[in-house]
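The structure appears below as structure tokens.
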Amino acid sequence: MTWSAALPLLILASSLVTGLVIFFLKEQSVLLRTVLNLSGAGIKLILVGVLMWGVYQGQTFEARLPLLPDIELVLHADALSLLFVSLSTVLWFVTTVYAIGYLEHSPHRSRFFGFFSLCVTATVGIALAGNLITFLIFYELLTLATYPLLMHRGTADSRRAGRIYLTYTLAGGALLLVGVVWLKSLAGPLDFTATGILAGRTDLNPDTLRWIFLLLIVGFGVKAALVPLHGWLPISMAAPAPVSALLHAVAVVKAGAFGITRVVYDVYGVEFSASLGVLMPLAIVASFTIVYGSVRALFQDKLKPRLAYSTISQVSYIILGTAIVGPVATIGGIVHLVHQGLMKITLFFCAGNLAETLGIHRVSEMNGVGRRLPKTMVAFTVAALGMIGVPPIAGFISKWYLGAGALDANLPWILVILAISSALNAAYFLPILYRAWFMPATGAWQERLEPGRFETHWMLLMPPLVTAALALLFGLFANMDGSPLAWARLIAEREYLR
Amino acid sequence: MTLWWSTLCVAAPLLASVLLFLRPKRTAGIALVAVTLVLIGALGLAVVLHDSGPQFIAIGGWGAPLGIGWRIDGLTVTMLLMAGIVGWPVTIYALDYFGGAAGGRHFWPLWMLLLTALCALFLSNDLFNWYVTLELLGLSAVALVTLSGKQAALDAAQRYLYTGLVGSLFYLLGVALIYNAYGVLDLAVLREVTEPTLAVWVALGLMAVGLLVKSALFPLHFWLPAAHGSAPAPVSAILSALVVKGAFYILLRLWFDLVPAALPGAVSVILGALGAGAIIWGSLQAIRATRLKMLVAYSTVAQLGYLALFFPLSGAGEWGNAALTGVVYFMVAHACAKGAMFLAAGNLQRAAGHDNLVSLAPTAQALPVSMFAFAIAGVSIMGLPPSGGFIAKWSLLSAAIGSGGWIWVVVMIAGGLLSAGYIFRVLSLSFSESGAEPKPELAPVAKSSEWASLLLASIALLLGLNALPVLDLLSIGLPRIG
Amino acid sequence: MMVADLYALVGVVLFVMGLSALILRSRDLQRILGLNIMGTGVFMLLVTSAHGDGQAADPVPHAMVLTGIVVAVSATAFALALSLARERHK
Amino acid sequence: MPKLIKRCLPVLVGAGAVALGALIAAAWVRTQENGGAMTRAVLEALPDSGVSNPVTAVLLNFRGFDTLLEVAVLMLTLIAVWALDLRLPRTEALPPSPVFSSLLRFSGPLLVVIAGYLLWVGASEPGGAFQAGAVLAGGCLLLRLAGRWNPGARFVRWAVSVGLLVFLLTAIAMPGLTGGLLQYPPASAGMWILLIETAATVSIAAILAALFVAREPEGPRR
């Protein structure tokens, strides 16, 4: 068990072990649980840093565990997996801090943080998966780990949300299983390789490959909330704020989008998929989802469902980037994976703060909240503007690359789609900002803020500020070689046949 | 050495049953020692198999046609290990469950006799010996069902007894026909001698019907839900996990040795259709069940349907091996998972005093360990990774897709989703808002019982992490298919 | 050969009669009797298969029948006790 | 609907039964004789089986394992009946009548002698443990009905389990002597078989009598 094999396993174990220990902690041992949580997330952060440094030096990290005679569980760290694992680890640390603050006096916290850590293990497993079967295993584990989080409050509508979430995800998972088994029986081991395993395989009959592609995309599309399969997302807003932040920005939704990226780039290979003609329908569905999500978001008076529909449309940017053949669009798609994560998680943290501190759930109640919660609303504004695509913030970069990519692949109609959706984004975010900053406060909460005291619990305040700052930094210093954009460029080069 | 290990597997529980009958006072030690000896015997056989391949033992020293022979290959040892692995936690659970109760002193000799019958059945390679072991297994299972003494248990036991006896007589009639035709009872000799004549077809048909009745396949399953639902918890675990597998094991052995390759497709398709019917019907009944133990019992009916799916898939050339590994792995994973489920359900019933699902929420939240065990076992029953059930479902799916059997793929997927339907119906109990009604006072449940169900459930989980050791063991002396 | 086949025929008839009685009748005693008749039918068949037309009869079916009878006795005893227990409970 | 089924069920079952019977009969008639290979094998191996009656040889030597399990089935049935806890009314003794007591005085010892003879003759003629056990059980019941004999729990438990215990212990001991499970040394095979048969007779008699009484004896244990 050399170091290069042990590191990925250690990254997985750091949250798995803490999770299992937390499960059996008594409810009252708050300090021990907090220490365990933070140390688990901290160790993972350090290990991922070591991993990135190692890969940067050119070292390859791979752990292979035999599962069945012809199938192996493979954890492999390549550029694409590093992008997602670093995103999820950073955001995980931040969400853990936020969740500790948010759930200060609620019951069943040991159970919550136990499943919380299982969730991160599954997400990191998805990120580091080296073949389609390992991906599937962690993908299903993610469903099982997020279900109890969704049901955490135990209220009637959170149980209903859990039921609906399960129906969608288990059905999607079943189709995915059939697709993977079928592909495995045709094409043998499905290890992810840079330009796709099936790229050279002209011996397989194209129609079967199209059917399998459909199965895989539907399987992943459920979690990536593509239009016909997005029903569970707005309903699962009944979960507590850290879980909504987790579902939308880091774990579930990204797992689906990441799955589609893996399938298009590392299983089929983007040129081979284009030759099969499967990318165009994917682009069409993604575009429809973008517009549909934004339109529905317009009519949501409650803040969290509005953000939910905004997520549905934003995630489809990533899929759109994947579906357009061309390195520039690929960069746009992949870098949006990170940027959308940062911005969306900030928005949800702020929504959580509003609900937790002032009991605001609806946009109509947000008049003049900027004066009462200035720091939170600054973070909210940065993230919202980033979503719209206003320059210095990260969102602008991904939309720019997507637009350029669309022009490269001479698909002008995609540019129109991007313009429309940006306009719609503005249409549902700007009124919120206007209400918060320029309207007099009408809510029952106290107008002025006593000086000296934090506007809310520090654990609820820090996370949104950190993620908003990151979004801003990644926007301003996009060209630095450590930034997500640089990583995305590195990935894009690798994915195309020289 | 093989002789010592295999004798240990059969003699230890038999001797324990007699001792427990004579002096039922010191029950704990004797029963636990016997089950441990069975496990040790099975492990010893596994080691011997690794070194020197499949073994044959002629009991009484007489050659094949005359005496009874024991055949020890990968399949046998896997089944013995299954019996030992499931038997051990069940015994620990029963120690507390039957502690002082009057019914307790009869449980132990019956359980030991059942274990003897199982081990003798798995080892045997002789048609008539199988009849006697089937009879011993069936009668001890029925006797165990009557232990709770309730009216429902007695009715269920009687129905179970009648169906079991009819099944055995059908099987015996098949044996009589085979003996009349070939004059030999040993399977190894019969394999060379039989050709597809009418007599062999009718005999196999009768034996198959008898065995399908005893392994409760779909249209002939009516006795199972009531029997498993109303029996005491450890007994239901033994019944669902082990007893029904015994009859199916014999069917599997007959399928390899006696069924001529030229089996008309129609027969295996009919069996597959029965399996599909079992999966759909059983799952729907489980979703509608009002009592927890009935839900788990109907889940057994549904999961047994998967076993019957083996027949249409096994005739599929090189995919046949994937089907065989799938079905055997399914038997082992289902045994562990279903055993753990019944033990967990038993914990909930003892704590709450009842097991109707509607008002079980507070109890579910008061017993986190049992609910956790039920959840892990549920993951294996649904065939979701990382569990043994997933490996079995994967193998069966790849056999089905490889051989182009798309109906079976649809059936398996529908089965998985339906099972999620009733499993999450139970799991959502531990999340419901229980603050409202007052905390009901719960009967104390021993820690050992809760940890026994968790141990069994985690074995089902571990089976999913690395299937290679089990598959290597299984492939020793694996009867080639087709 | 005719005589042996006659016995076999009787055995089959007994088996089938016992089976239909078991399915049609609902009272316990009649069902247990049906089971016993089915068992006797099978034992008749076993004994006929021992027929060695001329030389010594084959002892193995006889042993099988002996074992079968003992098993049938114990099954019937248990069935009777079980129906008694159910009556007492009502 | 059920009324319709109720009326045509007998016809349906009857037709099914006839079809099944025809199928089995056809299968039976069509099979050619198996040529008596097994008979020759048994007769060949008979000399060193320790008994001269082929059926007893098959029952206790060639296929001894079946009989071992069969005795276990008998014991299992008794435990099962006791587990049902029937609480039948205690069978009080018959009123003392001269006819019955003289019959008893005459038939008691006779039954024991017959049982002993049946046990002994089993080695060469049809007979053996099961027949002897049944006769002995009849004797025990006669004594019980006469109210003369009410054995204690300890005695009943030992009588019931001695058969299986002896059979099992000899089966396990055999590998020490001859290296094979349940493989008697050819010279003393007859003696071992007689030992097992005697113990089996006692057990079978005790089990059948206890099954008739169907009431767990309240021994010192209660």
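The values are calculated or read from the model by the stated rules, or taken from the named source; none is laboratory data. The structure displayed is predicted, hence computed values, not measured ones. Glycine gets a Cβ as well: all are built from the backbone with ideal geometry, and neighbour counts include every protein chain shown.
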Checklist entry - So which residues in segment A:138-160 are buried (at least 23 other Cβ atoms within 10 Å of the Cβ), among the hydrophobic types (A, V, I, L, M, F, W, C) and in a helix (DSSP H, G or I), if there are any at all? => result A:PHE138, A:LEU142, A:LEU144, A:ALA145, A:LEU149, A:LEU150
Checklist entry - Restricting the search to segment D:44-56, which residues are in a helix (DSSP H, G or I) and more than 7 Å from every other protein chain (Cβ to nearest Cβ)? => result D:GLU44, D:LEU46, D:PRO47, D:ASP48, D:SER49, D:THR56
Checklist outcome for this item: Of A:LEU183, A:LEU170, the only residue that is at pLDDT 90 or above, part of a helix (DSSP H, G or I) and within 25 Å of the chain's Cα centre (by Cα) is A:LEU170
Item to check | Single match in D:ALA199, D:ALA159, D:ALA173, D:ALA187 (criterion: crowded, with 18+ Cβ neighbours inside 10 Å and out of contact with any Gly (no Cβ under 6 Å at 6 or more places or on another chain)) | outcome: D:ALA159
Item to check | Residue among B:VAL10, B:VAL18 that is within 11 Å of chain D (Cβ to nearest Cβ), aliphatic (A, V, I, L, M), assigned to a helix (DSSP H, G or I) and over 28 Å from B:LEU251 (Cα atoms) | outcome: B:VAL18
Checklist entry - Do any helices (runs of 4 or more DSSP H) entirely within segment B:206-282 hold 1 or more residues that are on the phi > 0 side of the Ramachandran plot and buried (at least 24 other Cβ atoms within 10 Å of the Cβ), and if so, which? => result none
Item to check | segment D:173-193: number of residues that are in a loop (DSSP other than H, G, I, E, B), within 19 Å of D:VAL58 (Cα to Cα) and within 11 Å of another protein chain (Cβ to nearest Cβ) | outcome: 7
Checklist entry - Just to be sure, is C:LEU6 more than 9 Å from chain D (Cβ to nearest Cβ), farther than 26 Å from D:PRO10 by Cα, surrounded by 23 or more Cβ atoms within 10 Å (Cβ to Cβ) and hydrophobic (A, V, I, L, M, F, W, C)? => result no
Checklist entry - Taking into account only those residues within segment B:56-73 that are in contact with an Asp or Glu (Cβ under 8 Å, 6 or more places away or on another chain) and more than 8 Å from chain D (Cβ to nearest Cβ), which is modelled with the lowest pLDDT? => result B:ALA64
Item to check | Extreme residue, surrounded by the most Cβ atoms within 10 Å (Cβ to Cβ), among residues of segment B:375-389 that are in contact with a Leu (Cβ under 6 Å, 6 or more places away or on another chain) and of a type in the set (A, V, I, L, M, F, W, C) | outcome: B:ILE376
Checklist entry - Within segment A:79-86, is there a residue that is modelled with pLDDT under 90 and either acidic (Asp, Glu) or over 21 Å from A:ALA194 (Cα atoms) (or both)? => result no
Item to check | Flag for B:HIS334 being outside any helix (DSSP H, G or I), out of contact with any Pro (no Cβ under 6 Å at 6 or more places or on another chain) and either within 20 Å of B:SER387 (Cβ to Cβ) or modelled with pLDDT under 90 (or both) | outcome: no
Item to check | Hits in segment D:1-32 - residues which are more than 7 Å from every other protein chain (Cβ to nearest Cβ) and either in contact with a Lys or Arg (Cβ under 7 Å, 6 or more places away or on another chain) or in a loop (DSSP other than H, G, I, E, B) (or both) | outcome: D:MET1, D:GLN32
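Could you tell me which of the residues B:MET79, B:MET112 is part of a helix (DSSP H, G or I), under 28 Å from B:ASN347 (Cβ atoms) and within 13 Å of chain D (Cβ to nearest Cβ)?
B:MET112
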Item to check | The listed residue being within 22 Å of the chain's Cα centre (by Cα) and small (Gly, Ala, Ser), out of B:SER380, B:SER398 | outcome: B:SER380
Next on the checklist: Looking for something among the hydrophobic types (A, V, I, L, M, F, W, C), more than 11 Å from every other protein chain (Cβ to nearest Cβ) and in a loop (DSSP other than H, G, I, E, B) - is there at least one such residue anywhere in segment A:210-218?
Outcome noted: no
Item to check | Close pairs (6 angstrom Cβ cut-off, 6 or more residues apart or separate chains): under 9 Å from A:ALA238 (Cβ atoms) and more than 10 Å from every other protein chain (Cβ to nearest Cβ) in segment A:152-168, crowded, with 20+ Cβ neighbours inside 10 Å and among the small types (Gly, Ala, Ser) anywhere | outcome: A:ASP157/A:ALA238; A:ALA161/A:SER236; A:ALA161/A:ALA238
Item to check | Hits in segment A:170-209 (condition: within 11 Å of chain B (Cβ to nearest Cβ), in contact with a strand residue (DSSP E or B) (Cβ under 8 Å, 6 or more places away or on another chain) and β-branched (Val, Ile, Thr)) | outcome: none
Next on the checklist: Looking at (1) facing another protein chain (nearest Cβ under 9 Å); (2) more than 23 Å from C:ILE69 (Cβ to Cβ); (3) surrounded by fewer than 23 Cβ atoms within 10 Å (Cβ to Cβ), which one does B:VAL193 not meet, given that it meets all the others?
Outcome noted: (1)
Next on the checklist: Restricting to segment B:139-175, name every residue that is within 12 Å of chain D (Cβ to nearest Cβ) and under 16 Å from B:PRO225 (Cα atoms).
Outcome noted: B:ALA141, B:VAL142, B:LEU144, B:VAL145, B:THR146, B:SER148, B:ALA153, B:LEU154, B:ALA157, B:GLN158, B:LEU161
Checklist entry - Is there a residue being touching a Cys at 6+ places or on another chain (Cβ under 6 Å) and crowded, with 19+ Cβ neighbours inside 10 Å anywhere in segment B:42-62? => result no
Next on the checklist: Please list, ordered by residue number, the helices (runs of 4 or more DSSP H) wholly in chain C having 3 or more residues that are touching a Cys at 6+ places or on another chain (Cβ under 6 Å).
Outcome noted: none
Checklist entry - Which of (1) outside any helix (DSSP H, G or I); (2) under 30 Å from A:LEU461 (Cβ atoms); (3) among the charged types (D, E, K, R) is the odd one out, the single condition A:ARG33 does not satisfy? => result (1)
Checklist entry - Can you find a residue in segment D:77-85 that is out of contact with any Phe, Trp or Tyr (no Cβ under 7 Å at 6 or more places or on another chain), within 30 Å of B:LYS150 (Cα to Cα) and in a loop (DSSP other than H, G, I, E, B)? => result yes
Checklist entry - Quick check: anything in segment A:69-83 buried (at least 18 other Cβ atoms within 10 Å of the Cβ), touching a Lys or Arg at 6+ places or on another chain (Cβ under 8 Å) and among the polar types (S, T, N, Q)? => result no
Checklist entry - Looking at (1) in a helix (DSSP H, G or I); (2) more than 8 Å from every other protein chain (Cβ to nearest Cβ), can you tell me which one B:ALA203 breaks? => result (2)
Checklist entry - Just checking, how many residues over segment D:149-172 are of a type in the set (S, T, N, Q) and either at the interface with chain B (Cβ under 10 Å from one of its Cβ atoms) or not in a helix (DSSP H, G or I) (or both)? => result 2
Item to check | Wholly enclosed helices (runs of 4 or more DSSP H) of segment A:286-394 bearing at least 2 residues of a type in the set (A, V, I, L, M), at pLDDT 85 or above and more than 14 Å from the chain's Cα centre (by Cα) | outcome: A:303-323, A:327-353, A:374-388
